[in-house]
Amino acid sequence: MSDEAWLSASELREALAAGCGNASELVERTLCRIAELDPALNAFTSVTADRARRQAVAIDAKRKAGQSLGPLAGVPFAVKNLFDVAGLPTLAGSKVKATEPAAARDAILIERLEAADAILVGTLNMSEFAYEFTGDNSHYGPSRNPHDLDRMSGGSSGGSASAVAGGLVPLALASDTSGSIRVPASLCGVVGLKPTYGRLPRSGSFPLAPSFDHVGLMARSTRDVTLAYDVAQGNDPSDPACMRRPIEPVSGQLGRGISGARVAMAGGYFVEGLFEEARLALERVGRALNVTQEIVLPETERARAAAFLITAAEAAQIHFHRLRKRARDYDPAIRDRLLAAAMIPAAFPTMAQRFRGWYRAQVLEIFRDVDAVIAPATPCAAPLIGEESLILDGTPVSVRRHLGLYTQPLSFIGLPVVVVPVPVGPLPIGIQIVARPWNEDLALRIAHRLEETGAASAPKPQMGRAVSNQ
Amino acid sequence: MTDDPLDAYVDAAARMLGLAIDEDWRQGVRENLATAFNLADLLASFPLSDHAEPAPRYDPDPASGTSAHIDVDAARQG
């Protein structure tokens, strides 16, 4: 992999601002890299080459005219294909939406990133309708893990994690309903930010379950995720869940450190079902942050059950009219899930929403005494593609159900979470840094601190060797 | 129809909802539905107060700026 492929967004912007090359050349090299590496990764579903070239020309003209450049000037990025891109159908990983009219307007986060002079280079593969954790897709094939092409990228934002971890782009947009940013970030070894529910507008993205749908970001460093997060913030009235909060930029705060922050490890539910690599990652992070306190979030198994039922009911309702006519055109794994979900009694999601209020109150009470909680992101490193069960303590566990074990209860109540990769073995694995609502800044500062201590870093894959082995 | 209540439920619900379930899909649908019922049992066994409100709140006029969360935010901003 070339050195440029591993440059951060901030390094790319600084180089451009300093006059080292121009945006047009950078875009051509990015497009070449995608053409070379993506056939093995299957991260992209479309490449917006003409659009990227036009944006690069505009940025180069701005620079030549002496105008100031945006905070993401010249930074290539790509988006999970549930985000609207003007001129393309919004697939959301599906076949049934491939024949629908193209989007007339970009998703608002794309507009904001491009207004900051970032360059959209394409759309990314995902699990159909964002409804599973492996990154598989029966229509477009699985996105693959750059660290071992036979392994899962994780889902549902598998293409986002694969493209960032593989050095195809330094930045990607993704979404997370139950873990769809955090699971692939962990398996591919990148930084993922799922902000507080209601922080970033979802306008122009296809829903899975609106009660829990979040949009967020992936990059290879906390600094890059934070740069993009600052640009992405701000209310948009077309997303009814988006809160009218002031923009709270974090980039300038990253170096403040975490002195005085009360950080605890999550015990109970969050240490059951862990594989060795996840235990090692948590131990390493606990040592780096000198964490001595453990807290238990009560009834977390029920929280996950409640999240499952609400997600099922809301997703089934969105797809009900299509399931009647075109169920055959769905990914079989998603179709069976949605058909079953369409049949669950209405009392289930209502009961689950009542439990959600109770669980939120319990967790917010715990956050009176702690500022952040460290939890596993996934129970294990990336399983092999197609692997249906893993053996844990002698017992087989379902891969599909187990991967979201530790993420789903946290998005259930909308807490902000940053996942950072912790190098403890040949394959990446991440941990979650969980903060109280609206405290993304602390979660990001802790992530940054872990990178400074060397406890967290995005591992560089040997893509050349991996590709030649295909 | 079969004697198994879950199979009977799938058949009846599919007919009432106008959903066609191919024979090849039945097992997958059945397993997913069984999971949902098991999880609902787990949830139903928790002693929630009769006064526990569902988490989402309806705002009759989101543009007015008078909903509770906006008031709280405004207060925080001083």
* Charge sum, other residues only, whose C-beta stays under 13 Å from A:PRO184's C-beta, Lys/Arg counted +1 and Asp/Glu -1 -> +2
* Extending each Cα 7 Å along its Cβ direction at A:ASP369 and B:ASP59, get the distance between those two points in nm, one decimal. => 3.4
* Asked: Tell me, what is the per residue accessible area of the protein assembly as shown in Å², probe radius 1.4 Å?
  -> 39
* Shielding of A:296-306 by partner chains, average beta-carbon count, 10 Å -> 3
* Summarise the accessible area of the protein assembly as shown (1.4 Å probe, protein heavy atoms) by the percent that is carbon and sulfur. => 51
* **Interface B:A - total buried accessible surface [probe 1.4 Å, Å², rounded to 100]** => 3500
* Which order do the peptides A:332-338, A:110-116, B:56-62 take when ranked by the mean count of other beta-carbon atoms within 10 Å per residue, highest first? => A:332-338, A:110-116, B:56-62
* Asked: When Lys and Arg each count +1 and Asp and Glu each count -1, what net charge do the other residues less than 15 Å away from A:ARG368, Cβ to Cβ, add up to?
  -> 0
* Structure fact -> The long-range amide H neighbours of A:PHE44, using H built 1.01 Å from N in the peptide plane and a cut-off of under 5 Å, are A:ASN125
* Per residue of A:242-252, how many C-beta atoms from partner chains lie within 10 Å of its own C-beta, taken as a mean? -> 2
* Structure fact -> Counting only protein heavy atoms and leaving out ligands, DNA and RNA, the solvent-accessible surface of A:MET343 at a 1.4 Å probe, in Å² to the nearest 10, equals 10
* Largest-first ordering by accessible area, 1.4 Å probe, given options A:THR395, B:THR35, A:THR99 -> A:THR99, A:THR395, B:THR35
* Using only the Cα atoms of the protein assembly as shown, build the gyration tensor, take square roots of its eigenvalues as a ≥ b ≥ c, and label the shape rounded, prolate or oblate: rounded if a/c is under 1.5, else prolate if a/b is larger than b/c, else oblate. => rounded
* **Two-site FRET efficiency, A:HIS321 against A:SER138, from Cβ-Cβ distance with R₀ of 22 Å, rounded to 0.05** => 0.55
* To do: With a cut-off of at most 14 other beta carbons within 10 Å, and DSSP calling the residue loop, which GluC sites (Glu not before Pro) in segment A:309-402 qualify? Please list them.
  => A:GLU387, A:GLU388
* Structure fact -> If each part is reduced to its alpha-carbon centroid, segment B:1-51 and segment A:414-441 end up apart, in Å, by 35
* To do: Note down the net charge around B:ALA55, summing +1 for each Lys or Arg and -1 for each Asp or Glu among other residues with Cβ under 12 Å from its Cβ.
  => +3
* Kindly state, to the nearest 0.05, the FRET efficiency for B:LEU17 paired with A:ALA102, given R0 = 25 Å and r defined as their beta-carbon distance. => 0.20
* Interchain or long-range residues, amide H under 5 Å from A:GLY122's placed H -> A:THR48, A:VAL79
* How many angstrom lie between the C-alpha centres of segment A:194-224 and segment A:4-63? -> 24
* Mean Cβ count within 10 Å, highest first, over the residues of peptides A:396-406, A:248-258, A:420-430 -> A:420-430, A:396-406, A:248-258
* **chain A, dipole about Cα centre (Lys/Arg Cβ +1, Asp/Glu Cβ -1), debye to the nearest 20** => 800
* Over all residues in B:19-30, what is the mean tally of Cβ atoms on other chains that come within 10 Å of each residue's Cβ? -> 5
* To do: Among DSSP beta bridges lying fully in the protein assembly as shown, give the percent that are antiparallel, nearest 5.
  => 70
* Asked: Rounded to the nearest 0.05, what FRET efficiency is calculated for B:LEU48 and A:ALA65 with R0 set to 60 Å and r the Cβ-Cβ distance?
  -> 0.45
* To do: Would you list, by chain and number, the aspartates and glutamates whose Cα falls below 19 Å from the Cα of A:LYS460, excluding same-chain residues fewer than 8 positions away?
  => A:ASP3, A:GLU4, A:GLU11, A:GLU36, A:ASP38, A:ASP148, A:ASP150, A:ASP224, A:GLU277, A:GLU451, A:GLU452
* To do: Please give, to one decimal in nm, the separation of the simple spin-label points placed at A:LEU384 and A:ALA241, each 7 Å out from Cα toward the Cβ.
  => 3.7
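The values are calculated or read from the model by the stated rules, or taken from the named source; none is laboratory data. What you are looking at is a predicted structure, and each value in this text was computed from that prediction instead of being measured. Here the Cβ is made from the backbone with ideal geometry for all residues, glycine too, and neighbour counts use every protein chain on show. The area values use the complete protein model at the heavy-atom level, side chains included, leaving out ligands, DNA and RNA. Shrake-Rupley method; radii C 1.70, N 1.55, O 1.52, S 1.80 Å.
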